[in-house]
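Read the structure below first, then the notes.
The values are calculated or read from the model by the stated rules, or taken from the named source; none is laboratory data. Worth saying up front: this structure is predicted, and the values here are computed from it rather than measured. Methodologically, a virtual Cβ is constructed for each residue, glycine included, from the backbone with ideal geometry; neighbour enumeration extends over all protein chains shown.
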Amino acid sequence: MNLKVVFKKSKNFDVKSNRIIKYIIIHYTGMKNQAVAIQRLQSQVAKVSCHYLISKKGKIYQLVKDHNIAWHAGKSKWEEDVNLNSKSIGIELVNNGKEIFPKNQIRALLKLLTALKKKYNINSKYVLGHEDISPIRKKDPGPKFPWTKLNKLNLSKKR
Ligand SMILES: [Zn+2]
């Protein structure tokens, strides 16, 4: 992947040498700022993580390698699949849950999605939000997330 990615270590994952990546799940961090969000994604008490985190300026961080299982989705379901962590890549967008997603952040996300979809041959209909797969518990990435933009580029098939 010829995207610039900065590594930040998180121990919150299950080791896996090969797995089928069927889904990409999009989240917002829902924390007051990026530092607090990264701290949480690295905390061995919180036990949560993601594969990628994208800053508001569009910088891409990787916390867990693609082939390992990051702990981002929790209890979740889509079609016949349950607990989607094992089959997915999780992407967190730095956003407190009420903010507009900045242009540079979305631009970086579109690039990352394009690269990941190609690399793992992921169907656009399996690019989903956390709110889709855990609708009772989760609201992210929320109504401000630009699904129409993703749809237009055939990166998702939602709404
Ligand atoms: Zn989430």
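Whether any residue in the stretch 39-53 is at pLDDT 95 or above, away from the ligand (no atom under 14 Å from the Cβ) and hydrophobic (A, V, I, L, M, F, W, C) is what I want to check. Yes: the stretch 39-53 contains one or more residues that are at pLDDT 95 or above, away from the ligand (no atom under 14 Å from the Cβ) and hydrophobic (A, V, I, L, M, F, W, C).
Conditions (1) without any contact (Cβ under 8 Å) to a residue 24 or more places away in the chain; (2) farther than 16 Å from L153 by Cβ; (3) part of a strand (DSSP E or B); (4) within 16 Å of the ligand (Cβ to nearest atom), marked per residue:
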{"position": "V64", "(1), (2), (3), (4)": "no, yes, no, yes"}
{"position": "H67", "(1), (2), (3), (4)": "no, yes, no, no"}
{"position": "A73", "(1), (2), (3), (4)": "no, yes, no, yes"}
{"position": "I89", "(1), (2), (3), (4)": "no, yes, yes, yes"}
{"position": "E92", "(1), (2), (3), (4)": "no, yes, yes, yes"}
{"position": "E99", "(1), (2), (3), (4)": "no, yes, no, yes"}
{"position": "I106", "(1), (2), (3), (4)": "no, no, no, no"}
{"position": "L110", "(1), (2), (3), (4)": "no, no, no, no"}
{"position": "A115", "(1), (2), (3), (4)": "no, no, no, no"}
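Can you pull out every residue in the stretch 125-149 that is within 13 Å of the ligand (Cβ to nearest atom) and among the hydroxyl-bearing types (S, T, Y)? Across the stretch 125-149, the qualifying residue is only S134. None of S17, S10 is away from the ligand (no atom under 13 Å from the Cβ), buried (at least 17 other Cβ atoms within 10 Å of the Cβ) and not in a strand (DSSP E or B) except S10.
Yes/no matrix, rows are residues, columns are (1) among the acidic types (D, E); (2) touching a helix residue (DSSP H, G or I) at 6+ places or on another chain (Cβ under 7 Å); (3) more than 17 Å from K4 (Cα to Cα):
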residue: N33; (1), (2), (3): no, no, yes
residue: V36; (1), (2), (3): no, no, yes
residue: I60; (1), (2), (3): no, yes, no
residue: D132; (1), (2), (3): yes, no, yes
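If you go through the stretch 25-44 and keep only what is among the hydrophobic types (A, V, I, L, M, F, W, C) and either over 12 Å from A70 (Cβ atoms) or assigned to a loop (DSSP other than H, G, I, E, B) (or both), you end up with I26, M31, A35, V36, A37, I38.
Which members of the stretch 117-151 meet the condition of being in a helix (DSSP H, G or I) and of a type in the set (D, E, K, R)? Explain how you work it out, then say what you get.
Looking only at the stretch 117-151, we keep the residues that are in a helix (DSSP H, G or I), and these are 117-120, 124-126, 130-133, 147-151.
K117, K118, K119, K125, E131, D132, K149, listed by residue number.
Consider N154 carefully, then state whether it is within 15 Å of the ligand (Cβ to nearest atom) and part of a loop (DSSP other than H, G, I, E, B). Considered against the rule, which asks whether it is within 15 Å of the ligand (Cβ to nearest atom) and part of a loop (DSSP other than H, G, I, E, B), N154 comes out as no. If you go through the stretch 11-24 one residue at a time, do you hit one that is modelled with pLDDT under 95 and hydroxyl-bearing (S, T, Y)? Looking through the stretch 11-24, at least one residue is modelled with pLDDT under 95 and hydroxyl-bearing (S, T, Y).
Restricting to the stretch 75-87, name every residue that is in a helix (DSSP H, G or I), within 14 Å of the ligand (Cβ to nearest atom) and out of contact with any helix residue (DSSP H, G or I) (no Cβ under 6 Å at 6 or more places or on another chain). Please lay out each step first, then the result.
Looking only at the stretch 75-87, we keep the residues that are in a helix (DSSP H, G or I), and these are 84-87.
Then keep just the ones that are within 14 Å of the ligand (Cβ to nearest atom); that gives 84-85.
N85 - this is the single residue of the stretch 75-87 that is in a helix (DSSP H, G or I), within 14 Å of the ligand (Cβ to nearest atom) and out of contact with any helix residue (DSSP H, G or I) (no Cβ under 6 Å at 6 or more places or on another chain).
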